[in-house]
Amino acid sequence: MKKLLLIIFALSVVQGLFAQQESSFGDGEWFKFKMSYSGFLKAGNATLTVKDSKLDDKDVYHVVGKGWTTGMIKWFFKVKDRYESYFDKNTIIPYKFVRNIDEGGHTKDIEIEFDHKNQKAHVNNKKHKTKKVIDTKPNIQDMVSTYYYLRNSIDINSLKIGDEFKVDMFFDEENYGFKLQYLGVETIDTDFGDVVALKFRPYVMAGRVFKEEESLTLWVSKDKNKVPLRIKADLAVGSLRADLEAFKGLKHPFQIVVNN
């Protein structure tokens, strides 16, 4: 009897481990978002692409995020941003991060390589032709990998309103403490139909861009994919909203309540 109980216990542990290791995303995933300013003015588009890749003989996911302005807005404020992250396929720990942006003439061209063993970030500022080595926290994430790390680590079956998730993130030349709070379940209207969503509050730094720490709200699908459906930001001037417009390459079925 004891042996049988031990076997059942072992199987349940293994099953739990595999459940935790099941990824929410994979090679070929692609999202496209449409952005609007103050609720009515089309502001631009953004895409996120996941691909299998190699970096120094390591098997990695290479994620590329692009954003650009469209329509009338680009005539007086043109944006062309590109973010890249190379992170481990199993641990989601980033090895390299790229930020190449042009936002109304404000430009940055930065490459960061992470040395997790020695907890260092090697920052190559190509625009200013400077290189720095900065101390980091253990298991540091970059701006892009943070989202994929949270997708894999948050268990939607055990969420309780008010739950908080904290991640140490490195951005440009600084360490940040990123925090995400769970707000509950909400069914939202999307381009694909009504979708049951998990609602989160990412905390940001108040100041020049955002009104306050609680200026961002994020909705992701309540399924194994945790697809980003919508994000709203209250800015210092006006508001910005991004809605998922198209997708492909999802690893799991996408659940829709009512088809349009």
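Residue-by-condition table, conditions (1) part of a strand (DSSP E or B); (2) over 24 Å from Arg151 (Cα atoms):
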position	(1), (2)
Phe25	no, no
Val50	yes, no
Val98	yes, no
Val123	yes, yes
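From the residues in region 1-23 that are open to solvent by 50 Å² or more (accessible area, probe 1.4 Å) and in a loop (DSSP other than H, G, I, E, B), which one is modelled with the lowest pLDDT?
This residue is Met1.
Any residue in region 71-78 that is assigned to a strand (DSSP E or B) and either open to solvent by 60 Å² or more (accessible area, probe 1.4 Å) or out of contact with any helix residue (DSSP H, G or I) (no Cβ under 9 Å at 6 or more places or on another chain) (or both)?
no
Taking into account only those residues within region 41-59 that are aliphatic (A, V, I, L, M) and either within 16 Å of the chain's Cα centre (by Cα) or open to solvent by 20 Å² or more (accessible area, probe 1.4 Å) (or both), which is nearest to Val227 (Cα to Cα)?
Leu48
Of the residues Ile93, Ile101, which single one is touching a residue at least 40 places away in the same chain (Cβ under 8 Å), under 27 Å from Ile140 (Cβ atoms) and among the β-branched types (Val, Ile, Thr)?
One residue alone meets the criteria, Ile93.
When you scan region 230-252, how many residues do you find that are out of contact with any Lys or Arg (no Cβ under 8 Å at 6 or more places or on another chain), part of a loop (DSSP other than H, G, I, E, B) and exposed (fewer than 14 other Cβ atoms within 10 Å of the Cβ)?
2
Can you pull out the residues in region 27-40 that are open to solvent by 50 Å² or more (accessible area, probe 1.4 Å) and in a strand (DSSP E or B)?
Trp30, Lys32, Lys34, Tyr37, listed by residue number.
Of all residues in region 151-168 being within 24 Å of Lys89 (Cα to Cα) and assigned to a loop (DSSP other than H, G, I, E, B), which is most open to solvent (accessible area, probe 1.4 Å)?
The qualifying residue most open to solvent (accessible area, probe 1.4 Å) is Asn157.
The values are calculated or read from the model by the stated rules, or taken from the named source; none is laboratory data. Keep in mind that what you see is a predicted model, and the values were worked out from it rather than measured. Cβ sites come from the backbone with ideal geometry, for glycine too, and all protein chains shown count toward neighbours. Surface areas here come from the heavy atoms of the whole protein model, side chains and all, with no ligands, DNA or RNA. Shrake-Rupley method; radii C 1.70, N 1.55, O 1.52, S 1.80 Å.
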